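To start, the structure under review is shown below, and the notes come after it.
All of the numbers you see were taken from the coordinates with simple rules; none came from a lab. On a predicted model such as this, the values are computed, not experimentally measured, just so you know. With ideal geometry, Cβ positions are generated from the backbone for all residues, glycine too; neighbour counts draw on all protein chains shown.
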Amino acid sequence: MKKKTSSKSQPKPITRRNFLKGTAAGAATLAIPVGTSDASIWQSFFQKHFQEMSKAEMAEVIKRMEKEYAKKYKTSFNIKTTGALPDTLFGYGLDLSRCIGCRRCVYACVRENNQSRDPQIHYISVLEFEKGHKWVSDLEEADKYYNPEEVPEDGHFYMPVQCQQCENPPCVKVCPTKATWKEPDGIVVIDYNWCIGCRFCMAACPYGARRFNWGEPQIPKEELNPKTHYLGNRPRYKGVVEKCTFCIQRVRDNPGKYPACVEICPVGARKFGNLLDPKSEIRYLIENKRVFRLKEDLNTSPKFYYFFAT
Amino acid sequence: MSSHTKFITLVAVALAVSFLTLSTQALSSESHKAEKPKTSEIPKNYDTPKYFVPPPPFSEGIFPCSDCHEDMDVNPERRELEDEHVEISEMFNHASDQRWCLDCHNPDDRDVLRLANGDLVSFEESYNLCGQCHGTIFRDWKAGIHGKRTGEWNGRKQYRLCVHCHNPHSPKFKAIKPLPPPNNPLEIKYKKLSDEEIPRNPLGNIQ
């Protein structure tokens, strides 16, 4: 029998492969509830990675997102996308000889960064150690749940731990979707719309600095902070990872404000500045005080410097 | 008149005029000295630039000190204070064996402080007084390392005076109540809450 050589005049026969392709596309279309919602679900589904968006696309996304948040939280949000300042590499200093473990920083951070109140998320863990006992070599032995009448407790000292903003961040290496990366000013950020919640980054972080939204974040309406940044304190979703961003929404302005934890600290133990500016506070303390970085032997190269002013 | 006499007269007039000017100047500076220097007129000859500090934390109604002290005799004796400043007398533990009121407070004008070398400083710049003994801390404070800073990391920074955190008469930082510890991870149980049920931030309005 002669094989057909031309099929131009006849319709293409439906092969098994084409049939399956068509069915899959059809099913995907049906899965999106067209009747009950506007185009924003489509747009958020096909939203590009933050670093790959053009200016126009970014503006479009922000507009849509502000609308979504306004609907969800019944209050208007401002989402900035401010980029890194030139010649800036942020560094942080924490004076262990001053910290009294009062946890003001923990809750100032919660207030500024719209963390979920229930299930509870804190970016800062304040560790309490007994003087003279094992310390930086054995963080597991620290007490995170201390609750005396007054602090500092006799015979104890305190060490708050948060994201160390590593120059060589292990969390970034393991992310399968590139949803977390290091910005030019040294801040390690997360695109909450690209995070798939696999929590590899949490396993990779040697400092236990990342937090997971096990449930839909819940924040009282009057405590929402509407001044947000896309890569920072905008409200998160259930199933995404979040962490300290050095208050990216505050520090990236010019002039930029100090992070919330720096401003609240009643003993002035927290210092912040530009590592590339020789006249900055952070450079002064690195050059003049006894300084160490946590788990330096892991080659993560944190930009978070613990120091002793006395 | 001959030219000779003309010359003599001129010289005499010139001399008289210059004498008069000099004597009035001397007189006016004499009268200036007698006046008490106002706080705002104290020469600022320290190498500290102007720091942005909030006003000193005076107790209600205690300043200006001269309101009471102007008409009182100066008593430099170490003693229990009984009528006024009783609480200061009770709390005083700032190297109290070596120190008494007039080591820092100026006896002649109580509205200013006095350094060991006799220079006067205002309460707004009291860090110059503290810095006499606490030199290393003063250096760190000027660099922004000691003490609380707020404001802009690359702009205007709000400093605080030493006395905003340390009571000058009892300087050790006082213990405070810690905010609540975090929930144990075992307690995480997701439940949809109404807005009223969501736990509030225990920080409240603390700034």
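Annotations for the structure displayed:
- The charge dipole of the range A:183-261, taken about its Cα centre with unit charges on the Cβ of Lys, Arg, Asp and Glu (plus for the first two, minus for the last two), comes to roughly 100 debye.
- Acute angle (nearest 10 degrees) that the helix A:16-31 long axis makes with the longest principal axis of chain A, alpha-carbon atoms: 50 degrees
- Across peptide A:212-218, the average count of Cβ atoms from other chains found within 10 Å of a residue's Cβ is 3.
- Cα gyration tensor category, rounded, prolate or oblate, for the range A:41-84 with a/c compared to 1.5: oblate
- The residue B:193 and residue B:97 beta-carbon pair, evaluated with R₀ = 60 Å, returns a calculated FRET efficiency of approximately 0.55.
- The C-alpha radius of gyration of the range B:91-163, expressed as a fraction of 2.2 N^0.38 Å, stands at 1.26.
- Taking 0.36 nm per residue of separation and subtracting the current Cα-Cα distance, fully stretching the chain between residue A:199 and residue A:71 would add 43.2 nm.
- Note on B:138-148: average number of Cβ atoms from other chains within 10 Å of each residue's Cβ is 6.
- Taking A:269, A:56, A:70 as the candidate residues, the one with maximal mean-square fluctuation in a Gaussian network model of chain A, Cα springs under 10 Å, is A:56.
- For the residues A:299, A:114, A:168, a GNM of chain A with alpha-carbon springs under 10 Å puts the largest fluctuation on A:299.
- Loop trypsin sites (Lys or Arg not before Pro), the range B:142-207 (other Cβ atoms within 10 Å of the site Cβ: 16 or fewer; DSSP): B:156, B:172, B:174, B:189, B:191, B:192, B:200
- For residues of B:199-206, the mean tally of beta carbons on other chains within 10 Å: 5
- Working from label points 7 Å from Cα in the Cα-to-Cβ sense, the residue A:276 to residue B:60 distance is 5.2 nm.
- Summed over all non-identical Cα pairs, the Kirkwood treatment of the range A:93-241 gives a radius of 16.8 Å.
- Restricting the range A:46-109 to chymotrypsin sites (Phe, Trp or Tyr not before Pro) in coil, as DSSP defines it, with at most 13 other Cβ within 10 Å: A:46
- Residue B:115/residue A:227 FRET efficiency (R0 41 Å; Cβ-Cβ; nearest 0.05): 0.35
- Take the Cα of residue B:87, step 7 Å toward its Cβ, do the same at residue A:18, and the gap between the two points is 9.1 nm.
- Inter-probe distance in nm under a simple model that places probes 7 Å from Cα toward Cβ, at residue B:78 and residue B:175: 2.9 nm
- Net charge of Cβ neighbours under 12 Å - reference residue A:131; Lys, Arg +1; Asp, Glu -1: -3
- Value in Å of the Kirkwood radius, where the range B:59-180 supplies the Cα pairs that are averaged: 16.5 Å
- As a calculated quantity, the FRET efficiency between residue A:290 and residue B:71 at R0 = 56 Å, using C-beta atoms, amounts to about 0.60.
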